[in-house]
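Before anything else, here's the structure in question.
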Amino acid sequence: MIFGVLADTQAMLTAAELAALRKVFKGVDCILHAGPVGDLRVLEQLQKIAPAKAVCGNAENSIVRSELFVKQSWKVGPMCMGLIHGYGKPHGLKKWLLHQFEEDPVPVQIIVYGRNFEPIARALGGVFFFNPGSFSGNLPEGQHNQKGPRQVGLLFIHGKKVDGQPGIPVLP
């Protein structure tokens, strides 16, 4: 399966942004949004490209918080994937992410998250961590007064093999 992954939209997508996402996410099986979504209508926009799943982020309004879960997990073939925004500083974030899924009935082997907006696709301790980067152009911790390119990612799952391409620039 191929997943299009994004985080940090924070508001409705413009026509140019949607066109850019259609191009990058062409042929994906599903879109994952790791929050903040900003507006529930973003999910309707994304579902015109492919089926979409989302979690709420740290900067959501009460309407979004009432409709979206903080985390989700589900089976993808033989693998179990978790989707969460994440909270806190980069130091210890992966440990915190793992802790959030500890009580799930099936252990997660893949965690997709949006916090810190540092593009990453890396296996650590038997878990594959994936962060697409920031769709809004926010940069990782320590660089908040600057803007970078808008970024998304592609996550590939074939049986028990997982790979990803984070930090794909999206130019609307």
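The values are calculated or read from the model by the stated rules, or taken from the named source; none is laboratory data. This one's a predicted model, so the numbers in the text were calculated from it and none came from an experiment. Here the Cβ positions follow ideal geometry from the backbone for every residue, glycine too, while neighbour counts run over all protein chains shown.
Can you work out which of the residues in region 42-63 that are modelled with pLDDT of 95 or more and not hydrophobic (A, V, I, L, M, F, W, C) is farthest from Gly86 (Cα to Cα)?
Lys48
Go through (1) at pLDDT 95 or above; (2) of a type in the set (A, V, I, L, M, F, W, C); (3) touching an Asp or Glu at 6+ places or on another chain (Cβ under 8 Å) and name the single condition Phe117 misses.
Every listed condition holds for Phe117 apart from (1).
In region 60-85, which residue that is closer than 27 Å to Gly126 by Cβ and either touching an Asp or Glu at 6+ places or on another chain (Cβ under 8 Å) or of a type in the set (S, T, N, Q) (or both) is surrounded by the fewest Cβ atoms within 10 Å (Cβ to Cβ)?
Quick first cut of region 60-85, residues closer than 27 Å to Gly126 by Cβ only: 69-85.
If we keep only those that are either touching an Asp or Glu at 6+ places or on another chain (Cβ under 8 Å) or of a type in the set (S, T, N, Q) (or both) too, we end up with 72-73, 80, 82.
Working: Gln72: 15, Ser73: 19, Cys80: 18, Gly82: 22.
This residue is Gln72.
Sort out for me the strands (runs of 3 or more DSSP E) sitting completely within region 95-165 that have 3 or more residues that are surrounded by 18 or more Cβ atoms within 10 Å (Cβ to Cβ) and aromatic (Phe, Trp, Tyr). Show your work before the answer.
On the way: elements: 110-113, 120-124, 127-131, 151-158.
Hits in region 95-165: 127-131.
Now a separate question. Report, by residue number, each residue of region 17-43 that is more than 15 Å from the chain's Cα centre (by Cα) and more than 20 Å from Leu154 (Cα to Cα).
Asp39, Leu40, Arg41
Residues are listed down the side, and each one gets a yes or a no for (1) under 20 Å from Gly167 (Cβ atoms); (2) in contact with a strand residue (DSSP E or B) (Cβ under 6 Å, 6 or more places away or on another chain); (3) hydroxyl-bearing (Ser, Thr, Tyr); (4) in contact (Cβ under 8 Å) with a residue 12 or more places away in the chain:
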| site | (1), (2), (3), (4) |
| --- | --- |
| Leu13 | yes, no, no, yes |
| Pro36 | yes, no, no, yes |
| Leu46 | yes, yes, no, yes |
| Phe69 | no, no, no, yes |
| Ser73 | no, yes, yes, yes |
| Val76 | no, yes, no, yes |
| Tyr87 | no, no, yes, yes |
| Glu103 | no, no, no, no |
| Val112 | yes, yes, no, yes |
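Could you tell me which of the residues Lys75, Lys95, Lys53, Lys26 is under 17 Å from Asn131 (Cβ atoms) and out of contact with any Leu (no Cβ under 7 Å at 6 or more places or on another chain)? So that I can check it myself, show each step before the final result.
Details: Lys75 fails: under 17 Å from Asn131 (Cβ atoms); Lys53 fails: out of contact with any Leu (no Cβ under 7 Å at 6 or more places or on another chain); Lys26 fails: under 17 Å from Asn131 (Cβ atoms).
Every option except Lys95 fails the conditions.
Go through region 1-52 residue by residue and tally those that are part of a helix (DSSP H, G or I), among the β-branched types (Val, Ile, Thr) and more than 19 Å from Val70 (Cβ to Cβ). Working first, answer last.
Here is the first cut: in region 1-52, the ones part of a helix (DSSP H, G or I) are 15-24, 41-47.
Next, from what is left, pick out any that are among the β-branched types (Val, Ile, Thr): 24, 42.
Narrowing the set further to residues that are more than 19 Å from Val70 (Cβ to Cβ) leaves 24.
Looking only at that region, the number is 1.
Gly57 - would you say it is surrounded by 18 or more Cβ atoms within 10 Å (Cβ to Cβ), within 14 Å of the chain's Cα centre (by Cα) and assigned to a loop (DSSP other than H, G, I, E, B)?
On the way: surrounded by 18 or more Cβ atoms within 10 Å (Cβ to Cβ): yes; within 14 Å of the chain's Cα centre (by Cα): yes; assigned to a loop (DSSP other than H, G, I, E, B): yes.
So Gly57 passes the test.
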